[in-house]
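Quick notes on the structure that follows.
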Amino acid sequence: MPVNVTETAAREIDSIIRQQNLDTDNVRLRVGVKGGGCSGFSYLLDLTEVQKESDELWQFTYTRRVDPKVAQAAGSESAGGVATMAGETFTVRVICDPKSYLYVNGTTIDFKDEIMGRGFVFSNPNATTTCGCGSSFSA
């Protein structure tokens with residue numbers, strides 16, 4: 001089963017990639033786990049251009065929306081930016097090493113922006129317990 005990325009999470013990842021001026025064709029979101037955290041394993045997210053032959057790869061393509069304020073500022077002479085056109089597509093490429101995949105297969109990554117905080121959240125069908133913060137689990 002793939003590691004899924006919701007449209008909301010994909011838009012946030014795309015925004016981070018563009019803010020950091022990374023190469024959108026070569027950058028990947030590496031998903032992994034490491035030992036630790038309050039429940040046994042912690043999730044890892046990293047933007048990288050390094051993909052190994054043994055990595056699993058999934059691609060998610062969405063249509064880009066444009067915030068009217070951003071488009072107006074980018075199109076103005078004083079901003080000096082380039083407006084992104086609504087309707088353009090973008091692809092988020094997700095990779096995972098084989099060992100981590102044992103623990104995260106079928107996981108859905110979402111992004112929440114709420115009063116109590118903002119960040120990526122994980123819905124992992126393999127987790128038997130999760131911590132209160134949602135960034136660690138046991139399987």
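The values are calculated or read from the model by the stated rules, or taken from the named source; none is laboratory data. Keep in mind that this is a model prediction, so the values were computed, not measured. Neighbour counts run over all protein chains shown; Cβ positions are idealised from the backbone, glycine included.
Got at least one residue in the stretch 87-96 being outside any strand (DSSP E or B), over 20 Å from the mean Cα position of the chain (by Cα) and modelled with pLDDT of 55 or more? I'd like the intermediate steps shown before the answer.
To start, the set of residues in the stretch 87-96 that are outside any strand (DSSP E or B) comprises 87-88.
Checking which are over 20 Å from the mean Cα position of the chain (by Cα) leaves us with 87.
In the following step, the residues that additionally are modelled with pLDDT of 55 or more were identified as 87.
Within the stretch 87-96, one or more residues are outside any strand (DSSP E or B), over 20 Å from the mean Cα position of the chain (by Cα) and modelled with pLDDT of 55 or more.
Contact map, the stretch 17-37: residues that are at pLDDT below 95 paired with residues that are of a type in the set (A, V, I, L, M, F, W, C) and assigned to a helix (DSSP H, G or I), Cβ distance under 7 Å, separation 6+ or inter-chain. Pairs shown: Thr24/Ile17; Val33/Val104.
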